[in-house]
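Reviewing the structure listed below.
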Amino acid sequence: MALGAGDALGGALERVLIITKDGHVDAEACKLPHVEVFESGHPVPDQRSLDAGAHLVRFVSEIPCAAQPLLLISGGASSLVEALVPGATLADLQRLNQEGLAQGLSIAALNARRREISRIKGGGLAALLAGREGIALFISDVPDDDPAVIGSGLLGPALLGPARHTGNAPPGDAIERVVVASVATALGAVRARAAGLETRIAPDRFAGAAEALAARFAHELTVGASGVCAWGGESAIELPQRPGRGGRNQHLALAVARRIAGQDLFLLAIGTDGTDGPTADAGALIDGSTCARVARAGLDVEDCLRRADSGSALAAAGDLVRTGPTGTNVGDLVMGLNLSKAAAGAWLNAAAPNGRRPDAAVDHR
């Protein structure tokens, strides 16, 4: 997002502050004018999150009167940056996040809890702008693409006192808010890249328990017409006391693999930011033989799901996907392919008459 601002504004940028995940800093972003970069904790905040929050508050307070603030917000901000209310501690914040993740809370419910102990979430940062004009651009990873929820409402309406959580901005909020990308953007790209195939895009964002969603996706992929199915949203899993390796997309993918075993089907479940939970993997690409490969490696699919150790099973099957940081975050993307080998070959030949495969076609193994 900062690089996009640099492309659009060039020399008009006076100062830039970037707060992002470990390993997600683009080298070109470090060349922006007077840039400061903070790498911080995610999905569980750490001391760096508080350090970044203190710096953000100071940065906003020092914006010159003649300058116009441009605020670029994406999912992940809930953990990456924080300034706590008096009496709240880092341990309180970490416990809140860990309990919410373990309980499989929806992103909206978890963000509501985060706002209760924050000075800058729930419109708190907007309030610090004290009525001055600004532009806030959002990449959304939440239902309804609501700026009051994205990043726990870091740049939602400036709500003060008893009105803070009512959804009504007090007079003086002069921030223009625009959502520039969401999971619908990613789903539109899926449709474009699958040109020539029957493509079914789910009309509603998915949410809820990964196991239940796995049953739904496997069913829709199996009974639907031949072609591509695509869904966008975020699932949730309840974690045991000592979870193993993996993230929600890996868990979802392994749960689907159990249901499509032996069938000529494929499914990709992936985090659009390039990471899935506390792992460096973006997700997984599974097929009807995934469970057989897991078994040959001496692991049990049911046991791995029960222990939230889907990543170990998928690593053994060779099904993990690692993209590296993508520079965006619109939630999770799930794509299924129900296509015979003959139909797949015909599509490839039609899409690439010169014999070259299109970028959208990738060998599974």
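Bear in mind these aren't lab numbers, they're just calculated from the coordinates by the rules spelled out. Just so it is clear, the model here is predicted, and its values are computed rather than measured. Cβ: placed from backbone, ideal geometry, glycine included. Neighbour counts: every protein chain shown.
Taking each residue as 0.36 nm, the span from residue 34 to residue 180 lengthens on full extension beyond its C-alpha to C-alpha distance by 50.0 nm. Once the Cα atoms are used to define both axes, helix 47-61 deviates from the longest principal axis of the chain by about 50 degrees.
Which order do 322, 248, 177, 113 fall in if you start with the one that has the fewest other Cβ atoms within 10 Å?
Numbers: 322 12, 248 25, 177 20, 113 16.
If I rank by nearby Cβ atoms, fewest first, I get 322, 113, 177, 248.
Restricting segment 22-73 to GluC sites (Glu not before Pro) that sit in a DSSP loop and have at most 12 other Cβ atoms within 10 Å of their own Cβ leaves 62. Spin-label model, residue 322 to residue 212: label points 7 Å out along the Cα-to-beta-carbon direction sit 3.4 nm apart. When the Cα positions of 285, 219, 232 are compared along the charge dipole of the chain, 219 comes out farthest toward the positive end, with charges on each C-beta of Lys, Arg, Asp and Glu. In degrees between 0 and 90, to the nearest 10, how far off the longest principal axis of the chain does helix 90-102 point, with axes built from Cα atoms? Rounded to the nearest ten degrees, it is 30. Legend: P(r) of the chain from all alpha carbon pair distances, 20 Å bins from 0, whole percents, reading 28, 53, 18, 0. If you wrap segment 1-78 in the convex hull of its Cα atoms and look at it from every side, the mean projected area works out to 5.2 nm². Across segment 109-132, the residues whose backbone nitrogen lies under 20 Å from the label position 7 Å along the beta-carbon direction of residue 88 are 109-130.
Once backbone amide H atoms are built at 1.01 Å from N, residue 19 has 38 as its partners under 5 Å, excluding neighbours fewer than 5 places away on the same chain. Against the longest alpha carbon principal axis of the chain, how many degrees, from 0 to 90 and to the nearest 10, is the axis of helix 341-351 turned? Computed tilt is about 60 degrees. Peptides 142-148, 328-334, 99-105, 63-69, ordered by how many other C-beta atoms sit within 10 Å of their residues on average, highest first, read 328-334, 142-148, 99-105, 63-69.
Considering only beta bridges that DSSP places wholly inside the chain, some 50 percent are antiparallel.
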